[in-house]
1. How large, in percent, is the carbon and sulfur part of the accessible surface of segment 335-413 at a probe radius of 1.4 Å?
2. With a 1.4 Å probe and every protein chain left in place, work out the accessible area per residue of the chain in Å², rounded to a whole number.
3. Note the full-extension length gain between Phe59 and Glu400 as 0.36 nm times their separation in residues minus their Cα-Cα distance, in nm to one decimal.
4. For the chain, what is the mean residue ellipticity at 222 nm derived from helices alone (per DSSP H run of n ≥ 4: -39500 (n - 2.57); sum divided by total residues; nearest 500 deg cm²/dmol)?
5. For Asp152 and Ile15, compute 0.36 nm times the residue count separating them, minus their Cα-Cα distance, and round to one decimal in nm.
6. Say each of Asn268 and Thr136 gets a label point 7 Å from the Cα, pointing the same way as Cα to Cβ; how far apart are those two points in nm?
7. Order 389-395, 208-214 from most to least packed using the mean count of other Cβ atoms within 10 Å.
8. Which chymotrypsin sites (Phe, Trp or Tyr not before Pro) does segment 113-162 hold that lie in a coil by DSSP with at most 10 other beta carbons within 10 Å?
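The values are calculated or read from the model by the stated rules, or taken from the named source; none is laboratory data. Keep in mind that this is a model prediction, so the values were computed, not measured. Don't worry about glycine lacking a Cβ; one is built from the backbone with ideal geometry, like all the others, and counts go over all protein chains shown. Accessible surface is based on the protein model in full, side chains and every heavy atom, while ligands, DNA and RNA are left aside. Shrake-Rupley method; radii C 1.70, N 1.55, O 1.52, S 1.80 Å.
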Amino acid sequence: MKRRDTGFILVEALIIVTVLLALLAMLAANQRSAMRETQDRLRQRRAESAARSAVNYVFSTLQNANANTVTTKDDWYTLGDSGNQEFDMTDATFRVQVIDANSKLNINVATAAELQSLLVDQTMIDSLLDWRETSTTPRANGAKDSYYLALDTPYSAKLAAFSTLSELLLVKGWTAQKLYTVQTDVIQSTITQQDTNNKSLALIEYLTVDGGAPNTRANGATRLNLGARGVNVNQLVQLGMTQAQATQIFNRIPFTSFQQLFGVPGINTLVQQRLLDAVTFSTANRVTGKVNINTAPTWVLQTLPGVTVDIANAIVAQQSTGFTALSQLATLSGITTNNAGRIADNFVIGSDTWTIRAYGESGGIGTAIEATVLLTNGKLQIQKWDRLNGIGIPTWWNWEEQPTSTTTVGTGQ
(Lines give C-alpha, C1' and ligand atoms only; values in the text may rest on other atoms or scores of the structure.)
Protein backbone atom coordinates (compact mmCIF):
# COMPACT_ATOMS: atom_id res chain seq x y z
CA MET A 1 0.00 0.00 0.00
CA LYS A 2 2.77 2.36 0.91
CA ARG A 3 4.48 1.62 -2.41
CA ARG A 4 1.24 2.30 -4.32
CA ASP A 5 0.70 5.54 -2.41
CA THR A 6 4.27 6.55 -3.12
CA GLY A 7 3.76 5.76 -6.82
CA PHE A 8 0.59 7.88 -6.98
CA ILE A 9 2.40 10.76 -5.31
CA LEU A 10 5.27 10.54 -7.80
CA VAL A 11 2.85 10.51 -10.73
CA GLU A 12 0.96 13.47 -9.35
CA ALA A 13 4.22 15.31 -8.77
CA LEU A 14 5.35 14.60 -12.31
CA ILE A 15 2.03 15.84 -13.64
CA ILE A 16 2.29 19.00 -11.58
CA VAL A 17 5.90 19.56 -12.70
CA THR A 18 4.90 18.98 -16.33
CA VAL A 19 2.02 21.41 -16.04
CA LEU A 20 4.24 24.00 -14.37
CA LEU A 21 6.89 23.61 -17.07
CA ALA A 22 4.24 23.98 -19.75
CA LEU A 23 2.91 27.09 -18.04
CA LEU A 24 6.42 28.50 -17.76
CA ALA A 25 7.03 27.77 -21.44
CA MET A 26 3.75 29.49 -22.36
CA LEU A 27 4.61 32.46 -20.16
CA ALA A 28 8.07 32.67 -21.71
CA ALA A 29 6.61 32.44 -25.22
CA ASN A 30 4.02 35.06 -24.39
CA GLN A 31 6.71 37.27 -22.92
CA ARG A 32 8.87 36.87 -26.02
CA SER A 33 5.87 37.61 -28.21
CA ALA A 34 5.01 40.65 -26.11
CA MET A 35 8.62 41.83 -26.29
CA ARG A 36 8.63 41.39 -30.08
CA GLU A 37 5.38 43.31 -30.35
CA THR A 38 6.80 46.06 -28.16
CA GLN A 39 10.00 46.18 -30.19
CA ASP A 40 8.01 46.19 -33.46
CA ARG A 41 5.84 49.05 -32.21
CA LEU A 42 8.99 50.94 -31.25
CA ARG A 43 10.50 50.29 -34.68
CA GLN A 44 7.24 51.36 -36.30
CA ARG A 45 7.27 54.64 -34.35
CA ARG A 46 10.90 55.21 -35.32
CA ALA A 47 10.10 54.50 -38.97
CA GLU A 48 7.14 56.90 -38.84
CA SER A 49 9.33 59.53 -37.18
CA ALA A 50 12.00 59.04 -39.86
CA ALA A 51 9.42 59.50 -42.64
CA ARG A 52 8.21 62.69 -40.97
CA SER A 53 11.82 63.85 -40.73
CA ALA A 54 12.09 63.35 -44.48
CA VAL A 55 9.09 65.64 -45.04
CA ASN A 56 10.62 68.26 -42.73
CA TYR A 57 13.90 67.95 -44.61
CA VAL A 58 12.11 68.84 -47.84
CA PHE A 59 10.18 71.68 -46.20
CA SER A 60 13.33 73.62 -45.41
CA THR A 61 14.27 73.65 -49.09
CA LEU A 62 10.82 74.29 -50.61
CA GLN A 63 10.38 77.34 -48.39
CA ASN A 64 12.89 79.06 -50.69
CA ALA A 65 11.17 78.04 -53.95
CA ASN A 66 10.02 80.70 -56.43
CA ALA A 67 6.57 79.54 -57.55
CA ASN A 68 6.66 81.84 -60.61
CA THR A 69 9.44 79.80 -62.22
CA VAL A 70 10.07 76.21 -61.12
CA THR A 71 12.71 74.20 -62.96
CA THR A 72 14.79 71.04 -62.69
CA LYS A 73 17.73 73.26 -61.70
CA ASP A 74 16.07 74.19 -58.39
CA ASP A 75 17.45 72.74 -55.15
CA TRP A 76 14.35 70.67 -54.39
CA TYR A 77 14.64 68.70 -57.63
CA THR A 78 17.73 66.72 -56.63
CA LEU A 79 16.81 66.17 -52.97
CA GLY A 80 17.15 62.50 -52.16
CA ASP A 81 18.27 61.59 -55.70
CA SER A 82 14.71 60.57 -56.64
CA GLY A 83 14.43 58.30 -53.61
CA ASN A 84 17.72 56.51 -54.18
CA GLN A 85 19.75 58.26 -51.48
CA GLU A 86 19.46 56.94 -47.92
CA PHE A 87 19.71 59.24 -44.91
CA ASP A 88 20.99 57.51 -41.76
CA MET A 89 19.59 58.70 -38.40
CA THR A 90 21.47 55.99 -36.40
CA ASP A 91 18.39 54.07 -35.22
CA ALA A 92 16.35 54.69 -38.38
CA THR A 93 16.78 55.72 -42.00
CA PHE A 94 14.73 57.59 -44.53
CA ARG A 95 14.56 58.02 -48.30
CA VAL A 96 12.73 60.82 -50.05
CA GLN A 97 11.65 62.13 -53.44
CA VAL A 98 10.07 65.47 -54.40
CA ILE A 99 7.77 65.74 -57.42
CA ASP A 100 6.29 68.87 -58.95
CA ALA A 101 2.53 68.23 -59.00
CA ASN A 102 2.35 70.24 -62.24
CA SER A 103 4.61 67.70 -63.94
CA LYS A 104 1.67 65.30 -64.36
CA LEU A 105 -1.69 65.18 -66.13
CA ASN A 106 -4.49 66.51 -63.92
CA ILE A 107 -7.49 64.18 -64.17
CA ASN A 108 -9.82 66.95 -63.00
CA VAL A 109 -9.34 68.86 -66.26
CA ALA A 110 -7.96 66.22 -68.65
CA THR A 111 -9.96 65.91 -71.84
CA ALA A 112 -11.21 62.69 -73.40
CA ALA A 113 -8.49 63.02 -76.04
CA GLU A 114 -5.77 63.32 -73.40
CA LEU A 115 -7.12 60.35 -71.47
CA GLN A 116 -7.33 58.39 -74.74
CA SER A 117 -3.55 58.64 -75.08
CA LEU A 118 -3.12 56.73 -71.80
CA LEU A 119 -3.22 52.98 -71.33
CA VAL A 120 -6.93 52.91 -70.55
CA ASP A 121 -10.06 51.65 -72.27
CA GLN A 122 -13.19 53.58 -73.23
CA THR A 123 -15.09 52.42 -70.13
CA MET A 124 -12.42 53.92 -67.89
CA ILE A 125 -12.42 57.19 -69.85
CA ASP A 126 -16.20 57.60 -69.95
CA SER A 127 -16.59 56.63 -66.30
CA LEU A 128 -13.89 59.05 -65.13
CA LEU A 129 -15.54 61.94 -67.00
CA ASP A 130 -18.98 60.92 -65.67
CA TRP A 131 -17.69 60.79 -62.09
CA ARG A 132 -16.37 64.37 -62.08
CA GLU A 133 -19.12 66.07 -64.15
CA THR A 134 -22.44 67.29 -62.74
CA SER A 135 -24.61 65.83 -65.49
CA THR A 136 -26.71 62.87 -64.33
CA THR A 137 -26.79 61.23 -67.78
CA PRO A 138 -23.99 58.67 -68.28
CA ARG A 139 -21.90 58.31 -71.40
CA ALA A 140 -22.23 55.17 -73.53
CA ASN A 141 -19.56 53.28 -71.55
CA GLY A 142 -19.68 55.37 -68.40
CA ALA A 143 -21.62 55.29 -65.14
CA LYS A 144 -23.75 57.48 -62.90
CA ASP A 145 -25.87 56.72 -59.82
CA SER A 146 -27.95 54.08 -61.59
CA TYR A 147 -24.79 51.93 -61.76
CA TYR A 148 -23.18 52.72 -58.40
CA LEU A 149 -26.36 52.45 -56.33
CA ALA A 150 -26.96 48.94 -57.71
CA LEU A 151 -23.61 47.63 -56.38
CA ASP A 152 -23.47 45.25 -53.39
CA THR A 153 -22.10 48.16 -51.37
CA PRO A 154 -23.95 51.10 -52.95
CA TYR A 155 -22.73 54.68 -53.13
CA SER A 156 -23.38 57.73 -55.29
CA ALA A 157 -21.25 59.18 -58.08
CA LYS A 158 -19.36 62.23 -56.82
CA LEU A 159 -20.28 64.60 -59.69
CA ALA A 160 -17.38 66.82 -58.64
CA ALA A 161 -13.61 67.03 -58.87
CA PHE A 162 -11.42 64.20 -57.61
CA SER A 163 -9.78 64.87 -54.24
CA THR A 164 -7.23 62.03 -54.42
CA LEU A 165 -5.99 59.56 -57.01
CA SER A 166 -7.12 56.66 -54.84
CA GLU A 167 -10.68 57.92 -55.38
CA LEU A 168 -10.35 56.50 -58.90
CA LEU A 169 -10.84 53.05 -57.34
CA LEU A 170 -14.49 53.97 -56.79
CA VAL A 171 -14.97 54.62 -60.50
CA LYS A 172 -16.32 51.96 -62.85
CA GLY A 173 -13.54 50.13 -64.69
CA TRP A 174 -10.72 51.44 -62.47
CA THR A 175 -8.99 48.87 -60.27
CA ALA A 176 -5.91 48.85 -58.06
CA GLN A 177 -4.18 46.54 -60.52
CA LYS A 178 -4.77 48.92 -63.43
CA LEU A 179 -3.77 52.01 -61.44
CA TYR A 180 -0.80 50.86 -59.37
CA THR A 181 0.84 48.01 -61.26
CA VAL A 182 2.65 47.85 -64.58
CA GLN A 183 0.34 46.36 -67.19
CA THR A 184 1.67 43.60 -69.42
CA ASP A 185 -1.51 43.29 -71.47
CA VAL A 186 -2.44 46.87 -72.27
CA ILE A 187 -4.14 48.86 -74.94
CA GLN A 188 -1.64 50.00 -77.57
CA SER A 189 -0.42 53.54 -77.06
CA THR A 190 2.13 55.76 -78.76
CA ILE A 191 3.28 57.42 -75.53
CA THR A 192 6.44 56.47 -73.69
CA GLN A 193 5.88 53.69 -71.16
CA GLN A 194 9.28 53.74 -69.41
CA ASP A 195 10.92 56.31 -67.16
CA THR A 196 14.42 57.71 -67.64
CA ASN A 197 15.89 54.58 -66.02
CA ASN A 198 13.98 52.34 -68.48
CA LYS A 199 11.66 51.10 -65.75
CA SER A 200 8.10 50.42 -66.84
CA LEU A 201 5.55 52.91 -65.58
CA ALA A 202 2.32 52.26 -63.70
CA LEU A 203 -0.64 54.35 -64.83
CA ILE A 204 -0.59 56.39 -61.60
CA GLU A 205 2.78 57.87 -62.62
CA TYR A 206 1.05 59.90 -65.35
CA LEU A 207 -1.66 61.37 -63.15
CA THR A 208 -2.38 63.94 -60.45
CA VAL A 209 -5.34 65.73 -58.89
CA ASP A 210 -3.23 68.59 -57.57
CA GLY A 211 -1.17 71.42 -58.97
CA GLY A 212 -1.32 75.10 -59.64
CA ALA A 213 0.82 78.13 -60.42
CA PRO A 214 0.60 81.89 -59.87
CA ASN A 215 -1.24 83.62 -62.72
CA THR A 216 1.64 86.05 -63.18
CA ARG A 217 4.54 86.77 -65.48
CA ALA A 218 7.88 85.10 -64.83
CA ASN A 219 9.02 88.08 -62.73
CA GLY A 220 5.83 88.05 -60.65
CA ALA A 221 4.22 91.01 -62.43
CA THR A 222 0.50 90.99 -63.20
CA ARG A 223 -0.60 89.62 -66.57
CA LEU A 224 -2.98 91.49 -68.86
CA ASN A 225 -6.36 89.78 -68.87
CA LEU A 226 -7.69 89.38 -72.42
CA GLY A 227 -10.62 87.36 -71.15
CA ALA A 228 -12.61 90.54 -70.59
CA ARG A 229 -12.58 94.15 -71.82
CA GLY A 230 -10.34 95.49 -69.11
CA VAL A 231 -7.32 96.47 -71.23
CA ASN A 232 -6.76 99.16 -73.84
CA VAL A 233 -4.87 99.37 -77.10
CA ASN A 234 -1.96 101.31 -75.56
CA GLN A 235 -1.30 98.50 -73.08
CA LEU A 236 -1.03 96.07 -75.96
CA VAL A 237 1.26 98.43 -77.89
CA GLN A 238 3.52 98.60 -74.82
CA LEU A 239 4.09 94.87 -75.21
CA GLY A 240 6.01 95.65 -78.40
CA MET A 241 3.45 95.19 -81.13
CA THR A 242 2.33 97.71 -83.73
CA GLN A 243 -0.75 99.88 -83.41
CA ALA A 244 -2.45 97.84 -86.13
CA GLN A 245 -1.68 94.54 -84.41
CA ALA A 246 -2.85 95.86 -81.04
CA THR A 247 -6.07 97.16 -82.56
CA GLN A 248 -6.74 93.82 -84.26
CA ILE A 249 -6.49 92.07 -80.90
CA PHE A 250 -8.43 94.70 -78.97
CA ASN A 251 -11.37 94.55 -81.37
CA ARG A 252 -11.73 90.79 -80.78
CA ILE A 253 -11.61 90.72 -76.97
CA PRO A 254 -12.64 88.57 -75.07
CA PHE A 255 -10.44 85.54 -75.74
CA THR A 256 -10.44 82.21 -73.96
CA SER A 257 -7.14 80.71 -75.08
CA PHE A 258 -3.84 81.32 -76.86
CA GLN A 259 -5.09 79.18 -79.72
CA GLN A 260 -8.00 81.56 -80.25
CA LEU A 261 -5.82 84.65 -79.74
CA PHE A 262 -3.19 83.51 -82.23
CA GLY A 263 -5.91 83.15 -84.84
CA VAL A 264 -6.07 86.95 -85.13
CA PRO A 265 -4.67 88.03 -88.53
CA GLY A 266 -1.21 89.58 -88.46
CA ILE A 267 0.01 87.81 -85.31
CA ASN A 268 3.53 86.68 -86.17
CA THR A 269 6.02 84.65 -84.11
CA LEU A 270 7.50 87.69 -82.35
CA VAL A 271 4.08 88.94 -81.27
CA GLN A 272 3.12 85.44 -80.16
CA GLN A 273 6.18 85.33 -77.90
CA ARG A 274 5.34 88.66 -76.28
CA LEU A 275 1.76 87.62 -75.70
CA LEU A 276 2.80 84.27 -74.20
CA ASP A 277 4.81 86.09 -71.55
CA ALA A 278 2.32 88.82 -70.73
CA VAL A 279 -1.35 87.87 -71.05
CA THR A 280 -3.94 85.64 -69.43
CA PHE A 281 -7.60 84.87 -69.99
CA SER A 282 -8.73 84.77 -66.37
CA THR A 283 -8.98 87.05 -63.35
CA ALA A 284 -7.96 84.19 -61.04
CA ASN A 285 -4.78 84.63 -59.03
CA ARG A 286 -3.88 81.00 -59.61
CA VAL A 287 -3.83 78.79 -62.72
CA THR A 288 -4.77 75.13 -62.27
CA GLY A 289 -4.78 72.07 -64.50
CA LYS A 290 -1.78 73.07 -66.63
CA VAL A 291 1.54 71.25 -66.93
CA ASN A 292 4.87 72.79 -65.97
CA ILE A 293 6.94 72.77 -69.15
CA ASN A 294 10.08 72.86 -66.99
CA THR A 295 9.49 69.62 -65.11
CA ALA A 296 7.09 67.41 -67.07
CA PRO A 297 8.71 64.14 -68.24
CA THR A 298 8.46 62.82 -71.77
CA TRP A 299 5.70 60.35 -70.94
CA VAL A 300 3.43 63.12 -69.66
CA LEU A 301 4.27 65.62 -72.41
CA GLN A 302 3.19 63.13 -75.06
CA THR A 303 -0.34 62.99 -73.63
CA LEU A 304 -0.92 66.70 -74.40
CA PRO A 305 -2.68 67.93 -77.57
CA GLY A 306 -0.29 68.73 -80.39
CA VAL A 307 2.83 67.56 -78.54
CA THR A 308 4.55 65.04 -80.80
CA VAL A 309 7.45 62.83 -79.76
CA ASP A 310 9.89 65.27 -81.41
CA ILE A 311 8.38 68.28 -79.64
CA ALA A 312 8.39 66.42 -76.31
CA ASN A 313 12.07 65.58 -76.79
CA ALA A 314 12.84 69.21 -77.66
CA ILE A 315 11.09 70.38 -74.49
CA VAL A 316 12.97 67.90 -72.30
CA ALA A 317 16.27 68.97 -73.89
CA GLN A 318 15.50 72.60 -72.99
CA GLN A 319 14.70 71.61 -69.40
CA SER A 320 18.40 71.13 -68.72
CA THR A 321 18.81 74.91 -68.85
CA GLY A 322 15.20 75.73 -67.99
CA PHE A 323 12.38 77.76 -69.53
CA THR A 324 12.56 81.17 -67.89
CA ALA A 325 9.61 82.41 -69.96
CA LEU A 326 6.76 80.69 -71.76
CA SER A 327 7.79 82.51 -74.96
CA GLN A 328 10.77 80.15 -75.26
CA LEU A 329 8.31 77.44 -76.23
CA ALA A 330 7.73 79.20 -79.57
CA THR A 331 11.43 78.91 -80.45
CA LEU A 332 11.58 75.11 -80.26
CA SER A 333 11.87 72.87 -83.29
CA GLY A 334 8.44 71.72 -84.41
CA ILE A 335 6.62 74.78 -83.02
CA THR A 336 5.12 77.03 -85.71
CA THR A 337 2.80 80.03 -85.75
CA ASN A 338 0.01 77.58 -86.57
CA ASN A 339 0.44 75.21 -83.62
CA ALA A 340 2.05 77.46 -80.99
CA GLY A 341 -1.25 78.54 -79.42
CA ARG A 342 -2.72 75.06 -79.14
CA ILE A 343 0.43 73.72 -77.52
CA ALA A 344 1.02 76.74 -75.26
CA ASP A 345 -2.47 76.42 -73.75
CA ASN A 346 -1.25 73.29 -71.96
CA PHE A 347 1.65 74.91 -70.14
CA VAL A 348 2.94 77.12 -67.34
CA ILE A 349 6.55 77.65 -66.22
CA GLY A 350 5.93 77.64 -62.48
CA SER A 351 4.29 75.64 -59.73
CA ASP A 352 3.07 76.08 -56.17
CA THR A 353 2.38 72.43 -55.32
CA TRP A 354 4.68 69.46 -54.72
CA THR A 355 4.25 65.82 -53.75
CA ILE A 356 6.71 64.50 -51.17
CA ARG A 357 7.32 60.75 -51.13
CA ALA A 358 8.97 59.64 -47.91
CA TYR A 359 9.93 56.21 -46.63
CA GLY A 360 11.23 55.67 -43.10
CA GLU A 361 12.64 52.36 -41.87
CA SER A 362 13.85 50.97 -38.55
CA GLY A 363 14.87 47.37 -37.89
CA GLY A 364 13.29 46.12 -41.12
CA ILE A 365 9.93 47.84 -40.46
CA GLY A 366 9.01 50.70 -42.76
CA THR A 367 6.44 53.46 -43.23
CA ALA A 368 5.61 55.08 -46.59
CA ILE A 369 4.05 58.54 -46.73
CA GLU A 370 2.88 60.80 -49.53
CA ALA A 371 2.35 64.42 -48.56
CA THR A 372 1.05 67.20 -50.81
CA VAL A 373 2.33 70.66 -49.94
CA LEU A 374 1.25 74.08 -51.20
CA LEU A 375 3.34 77.26 -51.26
CA THR A 376 1.16 80.34 -50.68
CA ASN A 377 2.54 83.82 -50.04
CA GLY A 378 5.91 82.35 -49.17
CA LYS A 379 4.43 79.93 -46.63
CA LEU A 380 4.44 76.17 -47.13
CA GLN A 381 1.37 74.23 -45.97
CA ILE A 382 0.46 70.55 -45.95
CA GLN A 383 -2.68 69.98 -48.02
CA LYS A 384 -2.83 66.19 -47.76
CA TRP A 385 -1.05 63.51 -45.75
CA ASP A 386 -1.46 59.89 -46.78
CA ARG A 387 0.14 57.01 -44.90
CA LEU A 388 0.29 54.22 -47.46
CA ASN A 389 -0.63 50.67 -46.52
CA GLY A 390 1.55 47.77 -47.56
CA ILE A 391 4.97 46.32 -46.90
CA GLY A 392 8.07 48.14 -48.10
CA ILE A 393 8.48 50.89 -50.65
CA PRO A 394 5.50 51.18 -53.06
CA THR A 395 6.48 49.58 -56.35
CA TRP A 396 4.99 52.37 -58.48
CA TRP A 397 7.49 54.84 -57.00
CA ASN A 398 10.09 53.09 -59.17
CA TRP A 399 12.88 53.55 -56.65
CA GLU A 400 15.90 51.28 -56.68
CA GLU A 401 15.45 48.35 -54.27
CA GLN A 402 18.63 49.32 -52.47
CA PRO A 403 19.83 52.93 -52.04
CA THR A 404 22.71 54.02 -54.23
CA SER A 405 24.29 56.20 -51.53
CA THR A 406 24.03 56.87 -47.79
CA THR A 407 24.34 60.13 -45.87
CA THR A 408 24.46 60.50 -42.07
CA VAL A 409 22.08 63.22 -40.90
CA GLY A 410 22.18 62.89 -37.09
CA THR A 411 20.93 60.84 -34.22
CA GLY A 412 17.35 59.54 -34.23
CA GLN A 413 14.99 60.28 -31.36
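1. Carbon and sulfur together cover 44 percent of it.
2. That works out to 50 Å² per residue.
3. Full-extension gain reported as 120.4 nm.
4. -10000 deg cm²/dmol
5. 43.8 nm
6. About 5.7 nm separates the two model spin labels.
7. Final packing ranking: 208-214, 389-395.
8. Answer in residue order: Tyr155.
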